[in-house]
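Student: Here's a structure for you.
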Amino acid sequence: MSDRKLKNYDRYLQSLEMYIKASGLTIKYATQPGDGSYSLKFRRITVDPDLTETEELAVILHELGHSLDDLMVNKSTERALTAAYTASELNSATKEQRRRVLRCEKRAWKYARATAKKLNIPLGVWFDNIQAACLKDYKDAKK
């Protein structure tokens, strides 16, 4: 992806960490499949520690987007979405499940942009490129 250094990276990361804490979430750095994840059950964002600065910020913003998205869905939708993500990870998702996951991913990126704006974190081409690459992975998943 992008290995670009950001001038105000430390300030942006600090803003994100304060926002995460104020939202009642925690953040953990750990090696895992994928660059990041959000757990509704544990109210935790997990981020791969080996990401570049731009990747780290984009992933944190995106996972925050998932936390906001989870506030908007009812229990029935949440169960269907969890099943869709599980099936996707096992490469056994139906076409509808893949569409459901892609819609959720797009919403999380939309909320990521809104959160960045709220926190005065300017996004640029670096963010667009990371978003496009991540969405491409979901679009290219077993069709």
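The values are calculated or read from the model by the stated rules, or taken from the named source; none is laboratory data. As the structure is a prediction and not an experimental result, all values here were calculated from the model. Backbone-built Cβ (ideal geometry, glycine too); neighbour counts: all protein chains shown.
Student: Select from region 109-124 the residues that are surrounded by 11 or more Cβ atoms within 10 Å (Cβ to Cβ) and either in contact with a strand residue (DSSP E or B) (Cβ under 6 Å, 6 or more places away or on another chain) or part of a helix (DSSP H, G or I) (or both) and list them in ascending order.
Tutor: Trp109, Lys110, Tyr111, Ala112, Arg113, Ala114, Thr115, Ala116, Lys117
Student: If we scan region 59-72, do we find a residue that is over 16 Å from the mean Cα position of the chain (by Cα) and within 23 Å of Thr26 (Cα to Cα)? Before the answer, list the steps.
Tutor: Pass one, region 59-72, residues over 16 Å from the mean Cα position of the chain (by Cα): none.
Among the residues of region 59-72, not one is over 16 Å from the mean Cα position of the chain (by Cα) and within 23 Å of Thr26 (Cα to Cα), which makes the answer no.
Student: Now a separate question. Can Ala116 be described as under 17 Å from Leu16 (Cα atoms) and at pLDDT 90 or above? Walk me through how you get there before you give the answer.
Tutor: Details: under 17 Å from Leu16 (Cα atoms): yes; at pLDDT 90 or above: yes.
Considered against the rule, which asks whether it is under 17 Å from Leu16 (Cα atoms) and at pLDDT 90 or above, Ala116 comes out as yes.
Student: Here is a follow-up. Among the residues of region 52-70, which ones are in contact with an Asp or Glu (Cβ under 7 Å, 6 or more places away or on another chain) and of a type in the set (A, V, I, L, M, F, W, C)?
Tutor: Val59
Student: For region 37-81, which positions are farther than 14 Å from Cys134 by Cα, polar (S, T, N, Q) and touching a residue at least 12 places away in the same chain (Cβ under 8 Å)?
Tutor: Result: Thr46, Thr52, Ser67.
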